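The values are calculated or read from the model by the stated rules, or taken from the named source; none is laboratory data. Owing to the predicted nature of the structure, the values given are computational and were not obtained by experimental measurement. Glycine gets a Cβ as well: all are built from the backbone with ideal geometry, and neighbour counts include every protein chain shown. Heads up: the accessible areas ignore ligands, DNA and RNA and are worked out on the full protein's heavy atoms, side chains in. Shrake-Rupley method; radii C 1.70, N 1.55, O 1.52, S 1.80 Å.
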Amino acid sequence: MILEEIAQKVRSGKVKDTKALVQQAIDEGISAQEILEQGLVAGMNVIGELFKNNEVFVPEVLIAARAMNQGAQLLKPLLLEEGVQASGKVCIGTVQGDLHDIGKNLVKMMLEGKGLEVIDLGTDVAPETFVETAKAEDCQIIACSALLTTTMGGMVDVVKAAEEAGIREKVKIMVGGAPITEEFCRRIGADAYTPDAASAANKAMELCRANGEGD
Ligand code: B1M
């Protein structure tokens, strides 16, 4: 019930109410994961449908996004696993031409929750920036997010740029975002597709462990 209320407050962009309800849900012992997925993300999905049908417009979407982000901030410490040492390094960003960052920020939060060190490149990230950062910072993983069918092709360029820079053997490339599929991931030669932030974090841990064993 409270999760539905959180979704409703996100949908209507009520920052204060969203935060108060998220705190109440935490106090009631509901897991951070459930609050995130069944409350905050569910609310954002409703606004997404309305946006698609031209029933709400950019300002409403941005206000809802702010409510969701503020609510998610309260969950951040709970998503952090206690005492975990950084066990790998990831650079993450939204691909070139794409300004959507809510999902990318959630993935970042979940990766950090697993104790991974995350370099956030932001949005509209050029393929070379992903690759140069991975090289300079010795990242095991490049994580690319895309929300638009018109920008998802940017992931192909990231794979190519990694090959051209000679780091493809050393770095794993993870892809995700609403239009991305397992089939697309395979077709472009990326290493892993995951549908949501939690599974992205689990997969990243798996890839870092496998990489460590290979040393
Ligand atoms: Co945009 N937008 N938008 N938008 N927007 C979509 C994506 C759209 C589906 C809406 C629609 O028409 N139905 C549509 C894309 C259509 C398409 O390409 N097929 C669209 C469009 C068209 C546009 C514009 C072109 C609109 C315009 O100007 N005419 C424009 C493009 C701007 C640009 O990027 N160049 C635009 C602009 C915007 C806003 C600025 C208003 C705002 C973004 C604000 C921001 O991000 N700071 C916005 C928003 C908010 C949306 C919707 C409503 C919500 C996206 C979102 O944040 N969802 C979206 C509709 C929808 O998705 N239903 C829409 C919540 C978030 C938690 O989910 O990002 O999917 P998501 O992340 C998920 C998973 O995908 C996954 O984990 C997260 C959850 O656990 N995930 C990964 C994400 N990245 C991952 C990476 C991984 C693994 C998993 O591994 C690395």
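Any chance you could count how many residues in segment 165-197 are part of a helix (DSSP H, G or I) and either open to solvent by less than 20 Å² (accessible area, probe 1.4 Å) or not hydrophobic (A, V, I, L, M, F, W, C) (or both)?
Result for segment 165-197: 7.
Would you be able to tell me the number of residues in segment 25-44 that are under 20 Å from the mean Cα position of the chain (by Cα) and surrounded by 15 or more Cβ atoms within 10 Å (Cβ to Cβ)?
Total meeting the criteria: 12.
In the set Ala200, Ala210, Ala134, Ala162, which member is buried (at least 22 other Cβ atoms within 10 Å of the Cβ), part of a helix (DSSP H, G or I) and modelled with pLDDT under 95?
Testing whether each residue is buried (at least 22 other Cβ atoms within 10 Å of the Cβ), part of a helix (DSSP H, G or I) and modelled with pLDDT under 95 leaves just Ala200.
Take Ala65 and tell me if it is surrounded by fewer than 20 Cβ atoms within 10 Å (Cβ to Cβ), free of Cβ contacts under 8 Å to residues at least 24 places away in the same chain and aliphatic (A, V, I, L, M).
So Ala65 does not fit the description; no.
If Val22 satisfies all but one of (1) among the hydrophobic types (A, V, I, L, M, F, W, C); (2) open to solvent by 60 Å² or more (accessible area, probe 1.4 Å); (3) more than 8 Å from the ligand (Cβ to nearest atom), what's the number of the condition it fails?
Here Val22 clears every test but (2).
Go over the candidates Val90, Val58, Val107 one by one and state the one that is in contact (Cβ under 8 Å) with a residue 24 or more places away in the chain and either more than 22 Å from Gln38 (Cα to Cα) or outside the structural domain of Asp191 (by TED's automatic domain parsing) (or both).
Val90
Looking at the structure I just gave you, is Thr123 touching a His at 6+ places or on another chain (Cβ under 9 Å) and surrounded by 21 or more Cβ atoms within 10 Å (Cβ to Cβ)?
Taking the combined requirement at face value, the residue does not satisfy it.
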